[in-house]
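Take a look at the structure below.
Just so you know, all these numbers are worked out from the coordinates, no wet-lab data involved. A quick note: this is a predicted structure, and the numbers were derived from the prediction, not measured. Methodologically, a virtual Cβ is constructed for each residue, glycine included, from the backbone with ideal geometry; neighbour enumeration extends over all protein chains shown.
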Amino acid sequence: MRRTGRIESKECGWDAPGVARVPEALQCLDPSDRKFAAVALAYTPPVPVLNAVDPDWWQCAEACAAVGLVVEELCPEALEQGT
């Protein structure tokens with residue numbers, strides 16, 4: 001971990017360029033979103049992921065909870081209307 005002022009940097013593994021390595025349960029996430037889950041899970045305890053209207057997080061809520069990842073839905077009513 002590297003700290004520069006107020007920003008803390010965390011390392012995560014990569015499956016492919018731009019696709020972070022996450023637990024098997026989180027393969028339901030869009031590959032471009034996995035980096036957010038990987039970084040959140042790099043903290044102890046994991047930090048929450050904030051989501052506005054991306055349905056992947058909503059659809060993977062059970063998988064996220066199973067690995068200890070909290071997703072705070074900022075606009076849950078928009079996601080409910082889209083399902």
Over the chain, cysteine residues that find no other Cys C-beta under 4.7 Å are Cys12, Cys64, Cys75
Surrounding charge for Ala37, neighbours by C-beta under 11 angstrom, Lys/Arg +1, Asp/Glu -1, total 0
I need to check one value: relative contact order of the chain, counting alpha carbon pairs closer than 8 Å and at least 6 residues apart, in percent. 24
Quickly work out the Thr44-to-Glu72 label distance, labels modelled 7 Å from Cα along the C-beta direction, and quote it in nm with one decimal. 2.4
In terms of the Cα gyration tensor, with a ≥ b ≥ c the square roots of its eigenvalues, is segment 15-64 rounded because a/c is under 1.5, prolate because a/b exceeds b/c, or oblate? rounded
Relative packing of peptides 12-22, 48-58 - highest average C-beta neighbours within 10 Å first: 48-58, 12-22
